[in-house]
Amino acid sequence: MTRSVGETANAILRWSGVVVCAIMVLAWLLSGWYTIQWADGRVHSGGMYWLGLECSEGGLRVRRAIDRQGMSGWFGPNGWKSEPIRGAPPHWKLWFEYRYTPTGTITFWDVFIPCWALLAVGASTTLVLWRRKRRTCPGFCPCGYPRVGLVEDATCPECGRTFAPQPTRAQPATSRIDQI
């Protein structure tokens with residue numbers, strides 16, 4: 001029996017969702033002790049732009065800075081950086097944060113999204129994919145081919161599946177009152 005393209009894609013998405021959720025749980029647990037950062041700074045004619053992503057304190061932090069005059073120098077090194085959090089016991093922030101700080105020619109944005117929110121979105125999507133197995137409608141093959149006019153145990157001409165005859169439901173027992 002071969003799988004259709006839709007079934008294969010659904011299986012790949014389901015298992016990818018499980019892997020992504022496991023990575024999110026691991027990142028959430030480790031983010032109390034370690035921080036992983038990525039940063040990129042660029043100089044343009046309109047000034048200096050910097051973008052940073054950071055996984056720490058139980059969430060994902062997105063930072064952006066714009067220096068319109070380009071006078072402050074680089075906000076930090078470009079690329080990946082990982083280091084342990086020192087001097088404090090592990091802690092996790094449990095709620096969203098947003099900061100917007102305009103200071104003269106430099107403007108800072110800082111958004112914090114807790115891992116539980118990202119995990120809730122990823123896990124619910126994965127759960128829907130796992131629960132949404134192809135349900136066969138009566139008279140149709142799981143591949144979608146209508147079985148009208150085919151013998152009950154015939155193979156599907158579209159995907160080659162065979163179906164055993166469906167057992168018929170037994171008639172409910174009649175009471176003595178109905179027989180009178």
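Quick note: the coordinates plus some simple rules give every number you see, no bench work behind them. As the structure is a computational prediction, the values presented were derived from the model and not from experiment. Ideal geometry is used to build each Cβ from the backbone, glycine not excepted, and the neighbour counts take in all protein chains shown.
As a rough guide to protection, the peptides 86-98, 30-42, 46-58 ranked by mean Cβ packing within 10 Å, highest first, stand as 46-58, 30-42, 86-98. Ranked by the mean number of other Cβ atoms within 10 Å of their residues, highest first, the peptides 114-121, 7-14, 60-67 fall in the order 60-67, 114-121, 7-14. Here the calculated FRET efficiency for I23 and H44, from their Cβ-Cβ distance with R0 = 25 Å, stands at 0.15, rounded to the nearest 0.05. Ordering of 100-110, 145-155 by packing is 100-110, 145-155, highest average first (other Cβ atoms within 10 Å, averaged per residue).
Given 0.36 nm per residue, what is the gain on full extension from A9 to L53 after removing their alpha carbon distance, in nm?
12.8 nm
Each label point was placed 7 Å from the Cα along the Cα-to-Cβ direction; for A88 and V121 their separation is 2.5 nm. Modelled spin-label separation between Y145 and I36, with each label point placed 7 Å from Cα along the Cα-to-Cβ direction: 4.6 nm.
By the gyration tensor of its Cα atoms, with a ≥ b ≥ c the square roots of the eigenvalues, what is the shape of the range 92-150: rounded for a/c under 1.5, prolate for a/b over b/c, or oblate? Here the range 92-150 falls in the prolate category. When the range 4-107 is described by a simple charge dipole with +1 on each Lys and Arg Cβ and -1 on each Asp and Glu Cβ, the residue from T103, S31, G58 located farthest towards its positive end is T103.
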